[in-house]
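Notes follow the structure.
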Amino acid sequence: MTRTTDERDMEWRAKLSPLAYAVTRHAATESPFSHAGFAPGPGTFTCVCCGAPLFATDAKFESGCGWPAFSAPLPEAPVQELRDVSHGMVRTEVRCAECAAHLGHVFDDGPGPKGLRYCINGVALEFRPDKS
């Protein structure tokens, strides 16, 4: 049986915190410097909605922007980039291609060979430490 949009929305609301729901399902943004952070150590950052692996800890860096920042997604990550013209700006939105969750935005002012900064809402991610 196929679920309706309303049924799927009810599932998201039950699974996610109110802020994570607003961010991932309605493209809201958490306040800068408001996320408590993640446990230290190697691991993978996954989509809080569907669990898809998105970023590795070795791509995470401190950008000073107030949100978790990454230089690149995992090579096989289901990261989708879309043109965003909201708020009177032209930006590139980042979504999870598996479940369409809004994650944040990508900018061209980051470190690394590609010079990218994936500025991601902390509530859109779940950290899974490596099992070593």
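Please treat every number below as a calculation from the coordinates, not as lab data. Because the structure is predicted, anything quoted here is derived from the model rather than measured. As a convention, Cβ positions derive from the backbone with ideal geometry for all residues, glycine included, and neighbour counts pool all protein chains shown.
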Got a number for residues in region 1-28 being part of a loop (DSSP other than H, G, I, E, B) and of a type in the set (A, V, I, L, M)? 4
List the pairs whose first member sits in region 94-113 and is free of Cβ contacts under 8 Å to residues at least 12 places away in the same chain, whose second member is crowded, with 20+ Cβ neighbours inside 10 Å and among the acidic types (Asp, Glu), and whose Cβ atoms are under 9 Å apart, counting only residues at least 6 apart or on separate chains? none
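Being closer than 13 Å to CYS119 by Cβ and among the polar types (S, T, N, Q) narrows it down to one residue among THR46, THR4, THR24, THR29; which is it?
Checking each option against the conditions leaves just THR29.
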